[in-house]
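Structure record follows, encoded as structure tokens.
The values are calculated or read from the model by the stated rules, or taken from the named source; none is laboratory data. Please read all numbers here as calculations on a predicted model, not as lab measurements. Because the Cβ atoms are built from the backbone with ideal geometry, glycine has one as well, and the counts that use them run over all protein chains shown. All accessible areas refer to the heavy atoms of the entire protein, side chains included, with ligands and DNA or RNA removed. Shrake-Rupley method; radii C 1.70, N 1.55, O 1.52, S 1.80 Å.
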Amino acid sequence: MSVATPPMRGLYLVTPDWDDSARLFSAVDAALAGQPALLQYRNKSTDAARRLNEASRLAALCRRAGVPFIVNDDLELALRVEADGVHLGRDDGALERARECLGADRMLGVTCYNDVARAEAAEVLGADYVAFGAMFPSPSKPQAVVATPAVLSLARQRCAVPVAAIGGITLENAAPLVAAGADLLAVISDVFMAADVAARAAAYGALFDGATPPARP
């Protein structure tokens, strides 16, 4: 069963693609103490057994922390570990099928790159949030499509669902994204490579305190 979904506003923590599962579990456990809004399991390994093991363990950690758990790119894995949702890109399957399989109680997130029209279409098909980026050069996706804060503002004007920003985000460059309309900041390296993972995660939540984003339709 999915956990109760809190308001989607704050840090959207995405896991690093590490080879050491024990290191991953320890780091995620620490980061969850910083209360991110969501945690996404992202792993491009072809080792299905490893992915199942990691996703299962991370789902349990998130349930214990009360943080919704999302699986990147893999609807079947998300369903198998009873994740709270799945996040899909352009080549990760039909959104209609994902929405049907997830039912009404689980989340569907959609990567929209720099394309607000794609976000509008995804919302019609049942997306619960839409993500844009890369906002800045990203070590995890060096060839990613570039988006801008103006895209976030336009998406917030046109879409009723939460808007996520991703790609090269740090505490130092994040504030303009929140001001432009980002409800969620998707981050990997700036949290997981920090000396104090929990404190770094918590600091992202503070960026949203008192922030007044652009109005929604």
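If you filter region 155-176 down to residues that are surrounded by fewer than 19 Cβ atoms within 10 Å (Cβ to Cβ) and within 22 Å of Trp18 (Cβ to Cβ), you find that the one that is farthest from the chain's Cα centre (by Cα) is Leu171. Restricting region 107-125 to residues that are open to solvent by 50 Å² or more (accessible area, probe 1.4 Å) and either in a loop (DSSP other than H, G, I, E, B) or modelled with pLDDT under 95 (or both), the residue that is farthest from Lys141 (Cα to Cα) is Leu125.
Every test in (1) free of Cβ contacts under 8 Å to residues at least 12 places away in the same chain; (2) within 17 Å of Met8 (Cα to Cα) is passed by Cys159 save one, and that test is (1). Of the residues making up region 181-196, those that are over 18 Å from Ser138 (Cβ atoms) and over 17 Å from the mean Cα position of the chain (by Cα) are Ala195, Asp196.
No other residue among Arg63, Arg57, Arg90 is within 20 Å of Ala164 (Cα to Cα) and open to solvent by 10 Å² or more (accessible area, probe 1.4 Å) apart from Arg90. Among the residues making up region 126-137, those that are open to solvent by less than 20 Å² (accessible area, probe 1.4 Å) and in contact (Cβ under 8 Å) with a residue 40 or more places away in the chain are Tyr129, Ala131, Gly133, Met135. Residue count for region 36-46, restricted to those that are surrounded by fewer than 18 Cβ atoms within 10 Å (Cβ to Cβ) and in contact with a helix residue (DSSP H, G or I) (Cβ under 9 Å, 6 or more places away or on another chain): 1. Being assigned to a loop (DSSP other than H, G, I, E, B) and out of contact with any Gly (no Cβ under 9 Å at 6 or more places or on another chain) is the requirement here; does Arg97 meet it? Criteria not met by Arg97. Exactly one residue among Leu152, Leu77 is buried (at least 19 other Cβ atoms within 10 Å of the Cβ), touching a Gly at 6+ places or on another chain (Cβ under 9 Å) and part of a helix (DSSP H, G or I), and that residue is Leu152. Of all residues in region 166-192, those being in contact (Cβ under 8 Å) with a residue 60 or more places away in the chain and over 11 Å from Leu11 (Cα atoms) number 2.
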